[in-house]
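Let me begin by presenting the structure, written as structure tokens, before commenting on it.
Read the figures in this text as sums done on the coordinates, not as results from a lab. Fair warning: this is a prediction, and the values are worked out from it, not measured in the lab. Glycine gets a Cβ as well: all are built from the backbone with ideal geometry, and neighbour counts include every protein chain shown.
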Amino acid sequence: MRVYVYDGSFEGLLTVFHGLFRDKAQPLAIHRRGVAAQGFLAETVEVEADPAKADTLYEAMERRMTPRAVRLLYLAHLSEERDGEMRLFAFVCRGGQLGERLLDDLGDPGVAVVMRMANRVERERERFLGLVRFREAGTFFYAPIEPACRLLPLLGDHFARRFPSMKWMIHDVGRKEALVYDEEEWYLTPCDLPGVTDFGPREEHYQHLWRTYFAVAAVENRKNPERQRNRMPKKTWKWLVEIPRGKREPGA
Amino acid sequence: MTFAASVEEFEGTEEAMTVFMTLSEKLAVLAGAAKYDVSCSSSGSSRKNAGGTGNAGPAGICHSWTEDGRCVSLLKVLLSNECVYDCAYCVNRSSNDVPRSHFTPEEMAELTMQFYKRNYIEGLFLSSAVHRTPDYTMEMMLRTITLLRREHRFSGYIHAKVIPGASLELASRLGALADRVSVNIELPSEESLRFLAPQKSKHSVLAPMSHLSESIREAAASGKGSSRSLLFAPAGQSTQLIVGATGESDFRILRLSEGLYRRYSLKRVYYSAYVPVSDDRRLPALAAPPLLREHRLYQADWLLRFYGFHPEELLDETNPQLDAAVDPKVAWALRNLHLFPLEVNTASYEMLLRVPGIGVTSAKRILTARKVRRLEEEHLRRLGVVLKRGRFFLLCNGRSLAQPVGDPVRLRNLLCDRTKERTALRNEMRRRQLLLFSPAEMPV
Ligand code: SF4
């Protein structure tokens, strides 16, 4: 058994799966390039993403396991959980056996775990639809974020529908990747800037107004900071305009 | 506007700074005056982007959570807090000595746009105190919302309050521009309104409510199957009432809510625990707002809307208050032990929904999963069904999930809400005691 290393993209992962099915091979581990393999002595195979192979498998899976199951697989992949790839592989194998009934088998531990991964991504996406904070930076709007999952591919459609006549950019600071919208379409691009924080007086003015609103809107004798942190974990505070600077995570 | 231009604008004059200070202070006053309104939902509308800025999603989005743990979705402000009315329970009542202010429609629209473009908010929740007259107030609100929709080409969410006593024609114009409209019923009975809000009446609340519900129904009917449907408050109508300022029982409140849902097809009734903002002798002296009671009412309301319960199944004249210690579904199950335990593999959807701890999601998952295999306890756990409470009411493949507890009193103890809600419970007890000694003359 071998260890497979790919570029981290969904296409790359499907290429790995494609090879495994072709060779009827069982992997020892599959992981993204750059994620440290944990002292395996096994043979390592580097797989380059191959769109043609990925497409073939993609379509085959849609036919065999339903498009919904494939969507779930994609979402679960974006969770970027450690060793998640092996679970995704098991899921696809199980899909080969169960076909269209795969997602009905909620009692199967392998299916349940992939659903949970996908759910985690969906939930974080939903949260970030609200927590993205744009700063007006000259001619465009800029929003730094640091989500646990790789959310950028899931945010483009939403913000393009909402702000079709603005130029904007959402920057995943941790992953050094940006989602850019140019008033026509959105695309992903590597982005290695450190998160920018200073935007001048006009932006500062509106940030101040928002902080004012946020502070005033809480009803004093209903205080419930536990619930607040539950819904809006502290790790998300770093880039939130409404949190007073002193309370944000260090580095912001 | 380009960045350079805006810097000049800002650095230009001192005057500019004063204007901004004023805006910030105004915001503090007018958001502070609006915050006791608890409804903040931005759901139920799917207004599409029309080339300008914004859209509304059917699910609604929370953008932040304030220190009281509530979701911030809409910019919730009063256009003015300069009230000519004198409702005893309200901070903005004319006899109260608080700072007063108002936004101009232009300021309000601009602020909304700037917040919206930064993704701070889902839209605007515009309300107002009665400034001069109800009609004048509504005119100002209408001007604000018209600016947003026409000048700023804003397609985000707008929830607008209808001012009781304003003309029905103005209410209609508001509905044609807003996603949701609401008329606050404020207090659960006519007597209470007369007692605490003498300038309002049952009629001034119910007339616009009924008028709007007809327009909403007509617009919805006109839109069936056509893409050019007439938009009239597509997210429907809601209302709010204050709990604990007056003496109505939970039973009475729930029956009122059920009636409102049925007659006016309201989307939501919001319950707001009375926050003591006044030492008026007509009001109870509360140490803290009755949050637990509010919470139980929401749970019961939920049971009415989504679980097929009727108020009469939950409460009656001899037993008119919701149990503070257990949630209303548990309380119902404890009174109906003869219907349990229920076999997970064969029970109907409706009955599954009535099992404590099982919600719509869990019930649906059970129906799906049992098509593939007979369900055992481990499967239920994997489906994510929480069995903490349900285990006393369920059988899995003939096996019970917990040691049977014969004694209902012991069972009730096991099903009590613990920890967090205990604190709320203590507050509630304190409130009850205070009520006993309160000099306030309570309307019954
Ligand atoms: S009319 Fe509204 S704002 Fe004015 S006192 Fe009554 S509740 Fe308060």
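Side notes on the structure shown:
- FRET efficiency, A:D7 to B:N336 (Cβ-Cβ, R0 60 Å, nearest 0.05): 0.55
- Burial ordering of B:W332, B:W302, fewest other beta-carbon atoms within 10 Å first: B:W302, B:W332
- Förster radius 30 Å - calculated FRET efficiency between B:T146 and B:K48 (Cβ-Cβ, nearest 0.05): 0.95
- Counting 0.36 nm for each residue step from A:R229 to A:D23 and taking away their Cα separation leaves a gain of 69.3 nm.
- Couplings 3J(HN,Hα) for segment A:12-29, derived from phi with the Karplus relation 6.51 cos²θ - 1.76 cosθ + 1.60 (θ = phi - 60°), are x, 5, 5, 4, 4, 4, 4, x, 4, 5, 4, 8, 6, 9, 10, x, 7, 6 Hz, where x marks Gly and Pro.
- Value at 222 nm in deg cm²/dmol, rounded to 500, when DSSP H runs of n ≥ 4 in the protein assembly as shown each add -39,500 (n - 2.57): -13500 deg cm²/dmol
- As a proxy for reagent exposure, B:C83, A:C93, B:C396 were ordered by neighbouring Cβ count within 10 angstrom, fewest first; the result is A:C93, B:C396, B:C83.
- A DSSP coil position with no more than 16 other Cβ atoms inside 10 Å describes none of the chymotrypsin sites (Phe, Trp or Tyr not before Pro) in segment B:81-120.
- Sequence-distant residues sharing a close amide H with B:V162 (under 5 Å, placed H): B:S182, B:V183, B:N184
- Ranking B:V360, B:V243, B:S182 by how far each Cα lies toward the positive end of the dipole of chain B (charges on Cβ) leaves B:V360 at the top.
- Taking label positions 7 Å along the Cα-Cβ direction at both B:R217 and A:D157, the computed distance is 3.6 nm, reported to one decimal.
- Comparing Cα centroids, segment B:242-261 and segment A:135-179 end up 45 angstrom apart.
- Straight-line cross-link partners of B:K26 among the aspartates and glutamates, defined as a Cα under 17 Å from its Cα and at least 8 positions apart when in the same chain: B:E15, B:E82, B:D97, B:E106, B:E107, B:E110.
- The trypsin sites (Lys or Arg not before Pro) of segment A:1-104 meeting both criteria, a DSSP state outside H, G, I, E and B (loop) and at most 13 other C-beta atoms within 10 angstrom of the site's C-beta, are A:K24, A:R33, A:R82.
- Ordered by the number of other Cβ atoms lying within 10 Å of each residue's own Cβ, fewest first, A:T139, B:T144 fall into the sequence A:T139, B:T144.
- A cut-off of 5 Å between modelled amide H atoms, ignoring neighbours fewer than 5 places along the same chain, links B:W65 with B:V72.
- Here the Karplus relation 6.51 cos²θ - 1.76 cosθ + 1.60, evaluated at θ = phi - 60°, turns the backbone of segment A:151-162 into coupling constants of 8, 3, x, 8, 9, x, 4, 4, 6, 5, 5, 7 Hz, with x for every Gly and Pro.
- 10 °C / 1.306 mPa s Stokes-Einstein diffusion coefficient of chain A, Kirkwood radius on C-alpha pairs, µm²/s: 77 µm²/s
- For segment B:141-239, the list of trypsin sites (Lys or Arg not before Pro) that fall in a loop by DSSP and count at most 13 other C-beta atoms within 10 angstrom reads B:K224, B:R228.
- Within chain B: Cβ-based charge dipole about Cα centre, in debye rounded to nearest 20 (Lys, Arg +1; Asp, Glu -1): 2140 debye
- Candidate lysines for bridging to A:K238, where Cα separation is under 18 Å - those fewer than 8 sequence places away on the same chain excluded: A:K176, A:K247
- Straight-line cross-link reach from B:K267 at under 29 Å between alpha-carbon atoms covers these lysines, not counting any fewer than eight positions away in the same chain: A:K223, B:K35, B:K48, B:K76, B:K117, B:K161, B:K200, B:K202, B:K224, B:K329, B:K364.
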